[in-house]
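Undergrad: Structure below; questions to follow.
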Amino acid sequence: MVNNEVGLGIDIGGSGIKGAPVDLRTGTFLVDRLKSPTPQPSSPQAVAKVVAEIAGSFDQVDPDCPLGVTFPAVIQHGVARSAANVDRSWIGFDAGRLLAEETGRRVYVVNDADAAAVGEHRFGAAAGAEGVVLMTTLGTGIGTAMLLDGRLVPNTEFGHLEIDGHDAESRAASSVKDREGLSYREWAEERLQRYYSVVEDLLWPDLVVVGGGVSRDAEKFLPYLHLRAPIVAAKLRNTAGIVGAAILAMERFGKRA
């Protein structure tokens with residue numbers, strides 16, 4: 001029977017594929033995560049082989065433990081509908097089926113921002129939050145995820161809202177701050193405030209969580225934002241996706257004798 005206190009999560013990114021066994025009681029890794037370079041080209045078959053190697057590397061995980069996998073795409077019922085930073089051959093591909101065949105496990109595939117939001121809700125900055133929680137990841141673009149009373153509403157793309165005639169992330173992503181040489185205050189007051197105000201008027205979130213690498217410097221820009229809802233920095237950093245994927249896989253498949 002599956003030990004439902006230990007999960008397994010793998011995070012597929014454009015440059016690296018990372019995985020670890022997760023203590024589902026605490027949201028911590030049982031051992032250090034393993035990381036392998038994302039193969040180039042990052043075709044489905046090549047990526048699946050790396051995922052299988054990582055998934056089979058942990059003695060702490062029951063052979064029948066389901067596997068949660070994050071992927072940088074819109075995911076509908078295991079099928080990738082887009083492809084960000086990976087080979088475009090993934091589009092329309094049944095990622096869940098391929099990864100299940102390659103790993104010999106039941107596999108739950110989820111958008112990377114969605115997985116991170118679940119991790120943050122269970123063990124991070126949004127722990128126990130009720131109502132609508134919006135997570136945004138500020139990086140090359142703007143990734144978003146939304147939870148309602150802890151339940152994921154998958155595949156939101158609020159980073160691509162059209163605001164003032166522009167795709168939102170083309171004006172407000174942290175990459176834009178760097179490219180245009182904006183200070184944190186300028187970025188917050190001139191770009192992020194406008195973005196979050198529009199999103200808040202559409203969704204009326206109870207809490208906004210800001211992730212992405214720039215969240216490490218949250219104290220440099222969050223104080224300049226003025227919203228109705230509290231806005232806080234993510235806590236789990238780069239572990240959130242693996243944790244969230246492991247949680248979702250276990251909840252999806254549960255125990256099996």
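Undergrad: What order, most packed first, do the peptides 38-49, 11-22, 209-220, 135-146 have when packing is the mean number of other Cβ atoms within 10 Å of each residue?
TA: Descending mean neighbour count gives 135-146, 11-22, 209-220, 38-49.
Undergrad: Can you pull the accessible area of residue 164 for me, 1.4 Å probe, Å² to the nearest 10?
TA: Estimated to the nearest 10 Å², residue 164 gives 110 Å².
Undergrad: Residue separation times 0.36 nm, minus the C-alpha to C-alpha distance between residue 148 and residue 59: what's the value?
TA: Once the chain is fully extended between residue 148 and residue 59, it gains 28.5 nm.
Undergrad: Rank-order 27-37, 240-250, 78-88 by packing density, defined as the average count of other C-beta atoms within 10 Å over each peptide's residues, highest first.
TA: 240-250, 78-88, 27-37
Undergrad: Would you kindly derive the ³J(HN,Hα) couplings of region 56-73 from the backbone phi angles with the Karplus curve 6.51 cos²θ - 1.76 cosθ + 1.60 (θ = phi - 60°), listing them in order in whole Hz, with x for Gly and Pro?
TA: Karplus values, whole Hz, x for Gly and Pro: x, 9, 10, 5, 6, 9, 4, x, 9, 5, x, 10, x, 10, 8, 8, x, 6.
Undergrad: Follow-up question, since we're still on this one. How high is the FRET efficiency between residue 101 and residue 252 when r is their beta carbon distance and R₀ equals 22 Å, given to the nearest 0.05?
TA: Using R0 = 22 Å, I get an efficiency of 0.80.
Undergrad: If I stretch the segment between residue 216 and residue 77 completely, what's the gain in nm (0.36 nm per residue apart, minus their alpha carbon distance), one decimal?
TA: 46.7 nm
Undergrad: Pull out the extension gain between residue 204 and residue 23, defined as 0.36 nm times the separation in residues minus the alpha carbon to alpha carbon distance; nm, one decimal.
TA: Result for the pair: 61.9 nm of gain on full extension.
Undergrad: Once the other residues with Cβ under 10 Å from the Cβ of residue 13 are scored (Lys, Arg +1; Asp, Glu -1), what is the net sum? Before the final figure, lay out each step's value.
TA: On the way: positive: 18, 35; negative: 11, 112.
In short, 0.
Undergrad: Net charge within 12 Å of residue 119 by Cβ-Cβ distance, Lys/Arg positive one each and Asp/Glu negative one each, not counting residue 119 itself?
TA: It works out to a net charge of -1.
Undergrad: Would you pull out the residues with amide H under 5 Å of residue 11's amide H, same chain only if 5 or more places away, H placed 1.01 Å from N?
TA: 18, 19, 70
Undergrad: If you don't mind, another one. In nm, to one decimal, how far is the modelled label at residue 36 from the one at residue 91, with both set 7 Å along Cα→Cβ?
TA: Output for this residue pair reads 2.7 nm.
Undergrad: Roughly how many Å is it from the Cα centre of region 182-211 to that of region 33-68, as a whole number?
TA: 36
Undergrad: When Lys and Arg each count +1 and Asp and Glu each count -1, what net charge do the other residues less than 12 Å away from residue 52, Cβ to Cβ, add up to?
TA: With Lys, Arg at +1 and Asp, Glu at -1, the net is -1.
Undergrad: Could you go through region 203-219 in sequence order and give the Karplus-derived ³J(HN,Hα) for each residue, using 6.51 cos²θ - 1.76 cosθ + 1.60 with θ = phi - 60°, rounded to whole Hz, and x for Gly and Pro?
TA: Ordered by residue, 3J(HN,Hα) equals 10, 6, x, 8, 7, 10, 10, 10, x, x, x, 5, 5, 4, 9, 4, 5 Hz.
Undergrad: Using just the helices of the chain, give the 222 nm mean residue ellipticity in deg cm²/dmol: DSSP H runs with n ≥ 4 each add -39,500 (n - 2.57), and the total is spread over all residues, rounded to 500.
TA: One gets -8000 deg cm²/dmol as the mean residue ellipticity at 222 nm.
The values are calculated or read from the model by the stated rules, or taken from the named source; none is laboratory data. These figures come from a predicted structure and were not determined experimentally. Cβ sites come from the backbone with ideal geometry, for glycine too, and all protein chains shown count toward neighbours. Calculation scope for accessible area: heavy atoms of the full protein, side chains included, ligands and nucleic acids excluded. Shrake-Rupley method; radii C 1.70, N 1.55, O 1.52, S 1.80 Å.
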